[in-house]
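Undergrad: One structure coming up, written as structure tokens, with questions to follow.
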Ligand code: AMP
Ligand code: TRP
């Protein structure tokens, strides 16, 4: 009964990759039974980059199937999509009224966009406030994420404190959980694996797609050990297991890459199989999302009743 609450999400903006899986999905799934868990689909956040209805629909359904394939237990974890819970944008607006522009201008995502002279939408600027609402509506204790989301969770904490100071104790202060070993999963070029760097290995790729991505890992010919291959291999085998393989095959990058592709494929095969079983039942998946939305709305509405009361808009 006194279980703590866990919440996290991945934007439905494309195929999840090994960085998403090891950085966020796997930790959440491993922890799901020890917590009261919410794994959600921040589709309103994804509107910053997906602006095509049919494509969005497809991405949402596929991400739900990916979560289930990766091991989300729908009997236990609440899987829902953000847009099914209008309390998220409602609370965002209230947070906007207690947040200053200079404060949001410190966000890494905003600063990056500005440094690149990109046109910045109000949505991108306000992104951290929607994320704060996502987290705070559910009295979340822990938010398992990759390193890149640390600042966003800090913004949620700051915002909770600010609201509590103005209107009295209302929101719990959440904490990011970042597993050091997978805080930044490297991509095929050694940089952080990221959709925007085109250096990803897809989580649910076919054997051929995985092989192709692995063969494309950037290797420099100076040392006997291909650093970027080894860095990804560490996700699948311990150093003790890798040591003899890399010693025996020093300089033989092709063999080492083949060994890595084999290990990734063996790891993913059972997940892929489970994914396929859900993919064959889209109506069942939609039902899981609908039910999750109903349960999430109930919790979010109870919180919003308290918030509306405190800010004085209820008569
Ligand atoms: P995104 O794809 O940006 O929506 O990220 C979804 C989740 O995956 C977030 O918690 C990220 O921190 C995490 N993530 C994305 N890329 C990586 C990576 N290369 N290493 C570790 N975690 C990651
Ligand atoms: N911003 C997160 C990302 O890009 C996605 C996200 C939105 C999220 N709301 C959240 C993650 C709440 C954790 C908790 O990965």
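The values are calculated or read from the model by the stated rules, or taken from the named source; none is laboratory data. Here the structure is a predicted model, which means the values were calculated and not measured. Cβ atoms come from the backbone with ideal geometry, glycine included; neighbour counts cover every protein chain shown.
Undergrad: Mind counting the residues in the stretch 154-176 that are more than 10 Å from ligand 1 (Cβ to nearest atom) and touching a strand residue (DSSP E or B) at 6+ places or on another chain (Cβ under 6 Å)?
TA: Here is the first cut: in the stretch 154-176, the ones more than 10 Å from ligand 1 (Cβ to nearest atom) are 154-175.
Right, trim to touching a strand residue (DSSP E or B) at 6+ places or on another chain (Cβ under 6 Å) and you get 174-175.
Residues meeting the conditions: 2.
Undergrad: Which of the residues belonging to the stretch 280-296 are part of a helix (DSSP H, G or I) and surrounded by fewer than 17 Cβ atoms within 10 Å (Cβ to Cβ)? Step through it out loud before you land on a result.
TA: Applying the first criterion (part of a helix (DSSP H, G or I)) to the stretch 280-296 yields 282-296.
Correct list: 282, 283, 284, 286, 287, 290, 291, 294, 295.
Undergrad: How many residues, within the stretch 139-159, are more than 17 Å from the chain's Cα centre (by Cα), crowded, with 22+ Cβ neighbours inside 10 Å and farther than 17 Å from residue 101 by Cα?
TA: 0
Undergrad: Pairs, please: C-beta under 7 Å, at least 6 apart or cross-chain, first residue over 18 Å from residue 38 (Cβ atoms) and in the stretch 138-163, second outside any helix (DSSP H, G or I) and more than 10 Å from ligand 1 (Cβ to nearest atom)?
TA: Note: pairs meeting the criteria are 151/107; 159/99; 161/173; 162/98; 163/98; 163/170; 163/171.
Undergrad: Take residue 163 and decide whether it is assigned to a helix (DSSP H, G or I), modelled with pLDDT of 95 or more, touching a helix residue (DSSP H, G or I) at 6+ places or on another chain (Cβ under 9 Å) and away from ligand 2 (no atom under 13 Å from the Cβ).
TA: Judged against the criteria, residue 163 is a match.
Undergrad: Here's a follow-up. Could you list all residues from the stretch 138-153 that are within 16 Å of ligand 1 (Cβ to nearest atom) and either under 25 Å from residue 312 (Cβ atoms) or outside any helix (DSSP H, G or I) (or both)? Quick ask: steps written out before the conclusion?
TA: So in the stretch 138-153, the residues within 16 Å of ligand 1 (Cβ to nearest atom) come out as 140, 142-153.
Result: 140, 142, 143, 144, 145, 146.
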